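Asker: Let me begin by handing over the structure; questions about it come next.
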Amino acid sequence: MIIKNIRIDNFRNFTSLESDFTPGANIFFGDNGSGKTNFLESVFVLCLGRSQLGAADTILMKQDADYYRLEGTIERDERSRAVAVAYQKGYRKKITVDGVTVRPAELFENFCAVSTGPEDSVILSGPPSSRRTFLDMYLSQLSPRYLSELTDYHRVLVQKNAALKNEMDPSPFEPLLISHGARVMTHRIQFLNALRERAVAYYGEVSRGEDFDLKYQPSVNLPEENGFSLREIERAFQNTLDEHYDKEAYLKSAIVGPHRDDIFFETAGLPTRQFGSQGQWRTAAIALKLGVYHLLKDKRGAAPILLLDEIFAELDNKRRDHLIKSFGEFSQLFLTTASEPPPQLLTNGRCYKIANGVLEDVS
């Protein structure tokens with residue numbers, strides 16, 4: 001997949017900007033605060049209709065503007081598509097592909113992008129919600145069915161929580177909650193099993209042999225073995241709901257289900273969240289995203305757009321060199337850096353300077 005060009009209006013610190021891109025590496029350098037991260041965010045929003053940072057559309061607009069608009073040409077399987085994402089204050093976001101209005105989910109079906117930056121350390125060090133956001137963002141790109149089941153699950157969850165809040169019996173909503181929730185959990189188990197193999201290998205390669213591992217931690221009491229069926233997950237979900245019936249009634253909130261899932265990470269034999277260093281969190285986050293990149297590439301048959309924001313900042317030279325080697329073949333990469341770009345990337349790429357919201361091609 002290739003982004004051939006982009007036009008930006010009133011997005012973050014950019015008033016108006018147009019640029020073409022090359023296959024291979026597109027490298028953006030400039031001082032901190034110049035807009036490098038904002039630019040990568042615009043590329044991600046163009047591909048998927050939402051920010052990889054979780055920012056609301058009202059935040060994405062340039063200060064004092066009442067709208068933003070992104071336009072670009074995305075090529076996949078030798079077919080170019082004209083994509084536009086626009087938001088005006090007080091209205092719903094509008095997304096078009098080749099001039100036809102589409103749902104945000106259709107961007108996930110057609111395009112894919114993987115982004116990693118300093119903010120990703122929260123996946124390892126932050127609350128469970130940050131890990132669920134990671135799961136949902138990239139599993140939704142891997143499987144449109146997952147996004148559909150997740151949407152349906154949250155719709156039923158809202159109804160159950162309303163019943164609990166009003167001290168009504170929530171059990172009428174639980175068959176659908178279990179049905180959709182068990183499928184969400186099945187997707188997550190399969191995804192993390194596939195990701196684990198790739199992420200562990202990347203972490204070991206970049207860290208020169210340090211151990212790393214991850215494990216799915218659902219709020220439902222699942223069997224220990226990995227070979228359980230959908231029916232067994234549904235049965236375990238029902239049993240766990242039964243066990244927590246009184247507690248949910250007391251709290252007036254649903255506390256069992258995929259909305260309370262987590263991922264456990266382990267580095268060098270210790271829990272990463274409690275004992276990991278900044279460098280370990282950063283290395284693990286990069287390993288996870290590179291694992292996702294190759295998983296998406298293998299499963300979807302097209303390489304995602306790869307967005308790398310200041311990924312070398314907390315890595316020593318050896319880890320940096322190992323990381324660059326681990327990139328492997330990619331169709332297109334966008335990389336930001338406040339320092340001199342690694343020379344290994346300059347042989348097949350284009351350089352841009354960003355300053356005060358202005359982009360200049362300096363290749």
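Asker: What figure in square angstrom, to the nearest 10, would you give for the accessible area of Ser339 with a 1.4 Å probe?
Answerer: So the heavy atoms of Ser339 present about 70 Å² to solvent.
Asker: When the Karplus curve 6.51 cos²θ - 1.76 cosθ + 1.60 is applied with θ = phi - 60°, which whole-Hz ³J(HN,Hα) does each residue of region 110-127 get, with x for Gly and Pro?
Answerer: Coupling constants for region 110-127: 9, 10, 8, 8, 10, 10, 9, x, x, 5, 6, 4, 5, 4, 8, 9, x, x Hz.
Asker: Can you pull the Rg over Rh of the chain, Cα-only, Kirkwood? It would help to have the intermediate numbers written out before the result.
Answerer: Working: Rg = 21.5 Å, Rh = 21.8 Å.
On the Cα set of the chain, Rg over Rh gives 0.99.
Asker: Rounded to whole Hz and in sequence order, give me ³J(HN,Hα) for region 72-87 from the Karplus expression 6.51 cos²θ - 1.76 cosθ + 1.60, θ = phi - 60°, writing x for Gly and Pro.
Answerer: Taking θ as phi minus 60°, the curve returns x, 10, 10, 10, 9, 6, 6, 10, 8, 10, 8, 10, 9, 10, 9, 9 Hz for region 72-87.
Asker: Can you tally the net charge around Tyr91? Count Lys and Arg as +1, Asp and Glu as -1, for every other residue whose Cβ sits under 12 Å from the Cβ of Tyr91. Write out the running numbers ahead of the final one.
Answerer: Details: positive: Lys89, Arg92, Lys93, Lys94; negative: Asp57, Asp66.
Summing Lys/Arg as +1 and Asp/Glu as -1 gives +2.
Asker: Oh, and also: Rounded to the nearest percent, how much of the accessible area of the chain (1.4 Å probe, protein heavy atoms only) is carbon and sulfur?
Answerer: 47 percent
Asker: Follow-up question, since we're still on this one. What order do you get for 127-134, 108-115, 212-219, 246-253 when each peptide is scored by the mean count of other beta carbon atoms within 10 Å, highest first? Intermediate results must be reported in sequence, preceding the final value.
Answerer: On the way: 127-134: 16.4, 108-115: 23.1, 212-219: 18.2, 246-253: 12.2.
Per-residue Cβ counts within 10 Å, averaged per peptide and sorted highest first, yield 108-115, 212-219, 127-134, 246-253.
Asker: Follow-up. Would you please put 25-33, 63-71 in order of how densely packed they are, using the mean number of other Cβ atoms within 10 angstrom per residue and starting with the highest? It would help to have the intermediate numbers written out before the result.
Answerer: On the way: 25-33: 18.0, 63-71: 15.3.
In descending order of packing, they fall as 25-33, 63-71.
Asker: Taking θ as phi - 60°, what are the ³J(HN,Hα) couplings along region 266-276 by the Karplus curve (6.51, -1.76, 1.60), each to the nearest whole Hz, with x for Gly and Pro?
Answerer: 10, 10, 6, x, 10, x, 5, 4, 7, 10, x
Asker: Taking amide H positions as placed in the peptide plane 1.01 Å from N, state which residues far from Ser19 in sequence (5 or more) or on other chains have amide H under 5 Å from it.
Answerer: The list, which skips near neighbours in sequence, is Ile6.
Asker: Here is a further query. How large is the helix-only mean residue ellipticity at 222 nm for the chain, computed as the sum of -39500 (n - 2.57) over DSSP H runs with n ≥ 4, divided by its residue count, in deg cm²/dmol to the nearest 500? Mind dumping the intermediate values first?
Answerer: Numbers: 13 runs with 161 residues, N = 363.
The helix contribution divided over the chain gives -14000 deg cm²/dmol.
Asker: Could you give the size of the charge dipole of region 219-357 about its Cα centre, using +1 on the Cβ of each K and R and -1 on the Cβ of each D and E, expressed in debye and rounded to the nearest 20? Provide the component values of the computation, followed by the final result.
Answerer: Details: 17 positive and 19 negative charges, 143 e Å.
Computed charge dipole of region 219-357: roughly 680 debye.
Asker: Further question: Where does region 172-304 land on the Kirkwood hydrodynamic radius, alpha-carbon pairs, in angstrom? Numbers along the way, then the final one.
Answerer: Working: mean 1/r = 0.0605 Å⁻¹.
After inverting the mean inverse Cα-Cα distance, the result is 16.5 Å.
Asker: How far, in nm, would the chain grow between Ala162 and Lys94 when pulled straight, counting 0.36 nm per residue and subtracting the alpha carbon separation? Don't jump to the answer; show the numbers that get you there.
Answerer: On the way: separation 68, 0.36 × 68 = 24.48 nm, distance 3.00 nm.
Additional length available on full extension: 21.5 nm.
Asker: Mind checking the dipole of the chain: about its Cα centre, +1 per Lys or Arg Cβ, -1 per Asp or Glu Cβ, Debye to the nearest 20?
Answerer: Values: 44 positive and 49 negative charges, 101 e Å.
Dipole magnitude for the chain comes out near 480 debye.
Asker: By per-residue mean of other Cβ atoms within 10 Å, what is the highest-first order of 170-178, 40-48? Working shown, then result.
Answerer: Details: 170-178: 18.1, 40-48: 24.3.
Going by the mean number of other Cβ atoms within 10 Å, highest first, we get 40-48, 170-178.
Asker: Calculate how steeply helix 128-142 sits against the longest principal axis of the alpha-carbon atoms of the chain, using the helix alpha-carbon long axis, and give the answer as 0 to 90 degrees to the nearest 10.
Answerer: Value to nearest ten degrees: 70.
Asker: Let me ask something else about it. Positive end of the charge dipole of the chain (Lys, Arg +1 and Asp, Glu -1 on Cβ, about the Cα centre): tell me which of Gly279, Gln217, Ile354 has its Cα farthest that way.
Answerer: Toward the positive end, the furthest listed residue is Ile354.
Asker: A further question follows. Taking one equal scatterer on every alpha-carbon of region 24-101, how large is log10 of I(q)/I(0) by Debye at q = 0.19, 0.22, 0.28 1/Å?
Answerer: Here the Debye-derived log intensity ratios amount to -0.90, -1.11, -1.39.
Asker: Sticking with this structure for a sec: Using 7 Å Cα-to-Cβ label points, what is the Glu78/Lys325 separation (nm, one decimal)?
Answerer: Between Glu78 and Lys325, the label points sit 3.5 nm apart.
Asker: Check which residues have an amide H placed less than 5 Å from Phe334's amide H, if you skip close sequence neighbours.
Answerer: Amide H neighbours of Phe334: Asn26, Leu306, Leu307, Leu308.
Asker: I need to check one value: relative contact order of the chain, counting alpha carbon pairs closer than 8 Å and at least 6 residues apart, in percent.
Answerer: Over the chain, the number comes to 27 percent.
Asker: Here's another thing I want to ask about it. Can you give the local net charge around Arg350? Use residues other than it whose beta-carbon is closer than 12 angstrom to its beta-carbon, Lys and Arg +1, Asp and Glu -1. Numbers along the way, then the final one.
Answerer: Values: positive: Lys353; negative: Asp20, Glu360, Asp361.
Taking every other residue near Arg350 into account, the sum is -2.
Asker: Follow-up. Per residue, what accessible area does region 229-363 have, given a 1.4 Å probe and all protein chains present, in Å²? Mind dumping the intermediate values first?
Answerer: Values: 6380 Å² over 135 residues.
Accessible area per residue: 47 Å².
Asker: Continuing with the same structure: Going by amide H atoms built from the backbone, whose H comes under 5 Å of the H on Ala268, apart from near neighbours?
Answerer: Asp211, Phe212
Asker: Counting only protein chains, not ligands or nucleic acids, how are Tyr293, Tyr87 ordered by accessible area (probe 1.4 Å), most first?
Answerer: Working: Tyr293 0, Tyr87 30 Å².
Ranking Tyr293, Tyr87 by accessible area, largest first, yields Tyr87, Tyr293.
Asker: Also: Within the set Lys215/Lys318; Lys4/Lys289; Lys297/Lys325, which residue pairs have Cα atoms separated by over 21 Å?
Answerer: Values: Lys215/Lys318 28 Å; Lys4/Lys289 23 Å; Lys297/Lys325 18 Å.
As for pairs spanning more than 21 Å Cα to Cα, those are Lys215/Lys318; Lys4/Lys289.
Asker: Another question, then. Counting only heavy atoms of the protein chains, get the accessible area per residue of region 19-87 (1.4 Å probe) and round it to a whole Å² value.
Answerer: On the way: 2840 Å² over 69 residues.
The answer is 41 Å² per residue.
Asker: Work out the charge dipole of the chain with +1 on the Cβ of Lys and Arg and -1 on the Cβ of Asp and Glu about the Cα centre, then indicate which of Ser34, Ser19, Ser121 is farthest towards its positive end.
Answerer: Of the options given, the answer is Ser19.
Asker: Please get the size of the charge dipole for region 1-158, origin at its Cα centre, with Cβ charges of +1 on Lys and Arg and -1 on Asp and Glu, quoted in debye to the nearest 20.
Answerer: On the way: 19 positive and 20 negative charges, 72 e Å.
About 340 debye.
The values are calculated or read from the model by the stated rules, or taken from the named source; none is laboratory data. Here the structure is a predicted model, which means the values were calculated and not measured. As a convention, Cβ positions derive from the backbone with ideal geometry for all residues, glycine included, and neighbour counts pool all protein chains shown. The protein model used for the area step is the full one, side chains on, heavy atoms only, and it has no ligands, DNA or RNA in it. Shrake-Rupley method; radii C 1.70, N 1.55, O 1.52, S 1.80 Å.
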